[in-house]
Every structure is written in structure tokens, then in C-alpha cells.
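A short reminder: the numbers here are calculations on the coordinates, not readings from a lab. All figures in this text were calculated on a predicted structure; none of them were measured in a lab. Every residue, glycine among them, receives a Cβ derived from its backbone with ideal geometry; neighbour counts consider all protein chains shown.
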Amino acid sequence: MTSSDREEKALRFLGLAARAGRVVVGVPLICTALQKGGGGKPLAVLAASDGSENTKKRISDRTAYYGVPLIRLAADCATLALRVGKRDGAVAAVAVTEPGLARAITELYDQ
């Protein structure tokens, strides 16, 4: 499987999670969800390629601290926003809270 095929499949899984309402969208909300834990705890975080350096560091540090897999995508913020149903604007990161979909996404990148 090529990297573009892998990423397309991961973005499809992300779309499913978004339609199921099992995503956290945006870096501030992801950081809060990581701290709170519980049932809505992020199980995988996908980050866009064109986020700011500060955003990349913030999300990288938080996911490493809480032991949550971070997947850096080649997709840009606008593409990531479209995949989670945000028609206007851009999204630098999205977290998946659905265990099965988070596992499927992380397994794609573990291969």
C-alpha cells in the first residue's frame, strides 16, 4: 500500500468517525480532552501538514505526554476540515475518540 493510499484510507476512517460524532476538532479542544480523559478521551490524533510550528509542537508535546498516537498527514488544514464536515475554515488537528476507528487508523501507519 502506498503512502497516498494509506492516507486516503485514514481520511475515510476519519470521515466515518466525524459522521458518528466521535471526533474532537481543533487543537484547543484536543488539549482539553486529553487532560480530562474519560469516555471522550482522544485515542488517535491526526495533524495537518501546514499547521503552524507552534501548533505542531503543542499537539506533539501533549500527545507524547498522554501516550496518544500522533499521525502527521500530508493533507493540508483545508482538506482535513472538509473531511470532518467543516465547510469553512481550516483545521490543524482532529482527534478520534472511537476505539475501533482509532485502532484502524493507527494500524495503517504501523505497517
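Of all residues in the range 24-41, those that are at positive phi have Cβ atoms under 9 Å from Cβ atoms of residues that are part of a helix (DSSP H, G or I) and surrounded by 12 or more Cβ atoms within 10 Å (Cβ to Cβ), 6 or more apart or on another chain, in GLY37/TYR66. Taking (1) in contact with a Pro (Cβ under 7 Å, 6 or more places away or on another chain); (2) of a type outside the set (S, T, N, Q); (3) free of Cβ contacts under 8 Å to residues at least 24 places away in the same chain in turn, ALA44 satisfies each apart from (3).
Only strands (runs of 3 or more DSSP E) whose full extent lies in the range 3-111 are considered here, and none of them has at least 3 residues that are of a type outside the set (Asp, Glu), buried (at least 20 other Cβ atoms within 10 Å of the Cβ) and in contact with a Gly (Cβ under 7 Å, 6 or more places away or on another chain).
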